[in-house]
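Structure, as structure tokens:
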Amino acid sequence: MNNVLNKEIKKIIDECPEVGRILEEYGIGCTPCSVGTCLLKDVVGIHNLDPQREATLMYRIEKAIYPNRNVPPPKVDLSKKSEPKKITYSPPVRKLVDEHVLIKRLLALIPMIVEYVETSIKVDKDLVLKCVDFIRTYADKYHHMKEEDILFKYVDEKAEIIQVMFKDHDTGRDHIRQVVEGAEKGNKAQIKEHLLAYRDLLTQHIKKEDEILYPWIDRQLSDAQVGEMFRKCNEADASVGDELPRKYEKFVKNLEEKFLQEITK
């Protein structure tokens, strides 16, 4: 089994698709990953499963890869209920999680924004570009840049999970460039396609960060590194001032109220 543990997960799934389906059952979404160079042992380690679930997972994977091999079942104490691990965050990482909340509020509004654009006689360019401004300034420069310039520096930036996050950021930026182009041209279909694609991308991206990436990074940090990261994040926030997050929170709140009024008319 050691040779499989040290094999790239994409190659394993290509050779044995059942492994991908088993991983999905455990909330490990390797099949749609666009990179796929993680070793199997690292995939399991990153997700920090409890020992019973990990033993059962590895048993099922080995049986799927070697169906004719006599693989002894894991010694699992069935009297012990496997409880999902509670995720806790260090203070600087918690701040990043909290910033996701405002981003998710904007993401939740995108279907309504798209419908409004589609049903309007003329594209509300001002509304679309204000949403773009939120995404570029708050979600990207204020939030993503703290990840890229601070958080990711505490781990191997060549690790696949980090590379996937960088690629998501770049893909999101490409979608927003297309939204701007659509707004300038008054192209409703282009705005719709790329706003919805951005929403889908960021929804999954934030889930991966909150549930997998952030806890994985936190487990590797020393107390001194946590303190250092907290200081760097505070300095980054101070460089833009308190007004920036307040400005965009007010913007999202006003949007929520606008579309709530539309729904209740």
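Say each of D14 and Q204 gets a label point 7 Å from the Cα, pointing the same way as Cα to Cβ; how far apart are those two points in nm?
Here the answer is 2.0 nm between the modelled labels.
Enter the angle in degrees (range 0 to 90, nearest 10) between the Cα long axis of helix 188-208 and the first principal axis of the Cα atoms of the chain, meaning the one along which they spread out most.
40
Any of K104/K253; K104/K258; K86/K232; K7/K63 with alpha carbons more than 20 Å apart? Name them for me.
Distance filter (> 20 Å) returns K86/K232.
Quick one, can you get me the convex hull of the C-alpha atoms of the chain expressed as volume per residue in Å³?
Per-residue hull volume (Cα only) is 164 Å³.
Report the convex hull volume per residue for region 68-178, counting only C-alpha atoms, in Å³.
Given the Cα convex hull of region 68-178, per-residue volume reads 238 Å³.
Taking the Cα atoms only, what angle lies between the long axis of helix 51-65 and the longest principal axis of the chain, rounded to 10 degrees?
For helix 51-65, the angle is close to 80 degrees.
Where a number appears in this text, it was derived from the coordinates with a stated rule and is not lab data. Note that the structure is predicted; figures quoted are calculated from it, not measured. Here the Cβ is made from the backbone with ideal geometry for all residues, glycine too, and neighbour counts use every protein chain on show.
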